[in-house]
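Right, one structure below, let's go through it.
The values are calculated or read from the model by the stated rules, or taken from the named source; none is laboratory data. Predicted, not measured: the structure shown is a model, and the values here were computed from it. Here the Cβ is made from the backbone with ideal geometry for all residues, glycine too, and neighbour counts use every protein chain on show. Keep in mind that these areas ignore ligands, DNA and RNA; they rest on the heavy atoms of the full protein, side chains included. Shrake-Rupley method; radii C 1.70, N 1.55, O 1.52, S 1.80 Å.
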Amino acid sequence: MKKLLLLCSVLVLTACENVPVGNVGIIVHKLGGSKGVDAEEVGVGRYWLGVNDELFSFPTFSQNESWIRSDKKDESITFQTKEGLSVNADIGITYNIQADKVSVVFQKYRKGIDEISDIYLRNMVRDALVKEASTRPIESVYGEGKADLIEDVEKLVRSQVQDIGINVEKINWMGDLRLPPTVVEAINAKIGATQKAAQRENEVAQAKAEADKVIETARGEAESRLTIAKAEAQSIEIRGKALRDNPNVIELNKIEKWDGQLPQIVGSATPFINLQK
């Protein structure tokens, strides 16, 4: 009798399943006339399930899923550009399920939240990437257009699932894109050429700056000499005019410079001082 009671207790416990906080439950009848999804969604709590019943819990808070390449598993996504070049990427998605549309989501996919993420949403993201990237050249995928590409993918996936009750919050790149080796080599060569061109431009600019400096220095020196020469010419002109206007100044200068001694040898030339005056 005790064993029977113990067995019944175990069966009761195993038949009770829990819907945790932040989740909405869906009870599925696998057999019988009511096979399908129960019309009423169940909230948080424990529920007794029959032998043919199954409970699915759907979280209504934001879910973060990523499909990446690792040593253990490769879930990354590969797509092709306009030129047919294959690009591989790690992708992340953040989404949530509307609490009042959990039944609609389950009726659509007939799977739990993990299967919806790993199968249906991943396929949607992959197909959107293939569609959007196929019209873009490789430069628009890894360069400035990288953000535009993932944004267009996000918009496309969101439009496909929002009416069902899945709200796509964000789709983003996780890490660098994996490009074909030939593209990587071309990118590196382009970067190297750009750097060399920039270096040459800097060298030319530096040489021009140094040449301009020399020219400006020479111009400054020439202008300085010209200014001095003009000043000296003006000074001579002023002195000449003054002497012409005052001839007695010359005689006065001679007298001031004479030491009072007459020449020891006098020829036909007269002394340089006019004694009569």
query: Restricted to region 140-174, and to residues that are over 22 Å from Ile119 (Cα atoms) and open to solvent by 50 Å² or more (accessible area, probe 1.4 Å), which residue is modelled with the lowest pLDDT?
result: Glu144
message: Please verify whether Ser103 is among the hydroxyl-bearing types (Ser, Thr, Tyr) and surrounded by 15 or more Cβ atoms within 10 Å (Cβ to Cβ), treating the condition exactly as stated.
response: yes
field: Residues located in region 104-159, provided they are of a type in the set (S, T, N, Q), assigned to a helix (DSSP H, G or I) and under 29 Å from the mean Cα position of the chain (by Cα)
entry: Asn123, Ser140, Ser159
message: With the structure loaded, tell me whether Glu75 is closer than 19 Å to Asn172 by Cβ and modelled with pLDDT under 95 or whether it fails that test.
response: yes
message: For Asn96, only one of the following conditions fails: (1) in contact (Cβ under 8 Å) with a residue 40 or more places away in the chain; (2) open to solvent by 40 Å² or more (accessible area, probe 1.4 Å). What is its number?
response: (2)
- line: Per the filter on region 191-237, residues modelled with pLDDT of 75 or more and acidic (Asp, Glu) are Glu201, Glu210, Asp212, Glu216, Glu221, Glu223, Glu232, Glu237
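If you scan region 160-176, which residues turn out to be of a type outside the set (Val, Ile, Thr), in a loop (DSSP other than H, G, I, E, B) and either within 20 Å of Gly84 (Cβ to Cβ) or touching a residue at least 60 places away in the same chain (Cβ under 8 Å) (or both)?
Gly165, Met174, Gly175
Go through region 29-54 residue by residue and tally those that are out of contact with any Lys or Arg (no Cβ under 8 Å at 6 or more places or on another chain) and either at pLDDT 80 or above or over 22 Å from Arg110 (Cβ atoms) (or both).
Result for region 29-54: 8.
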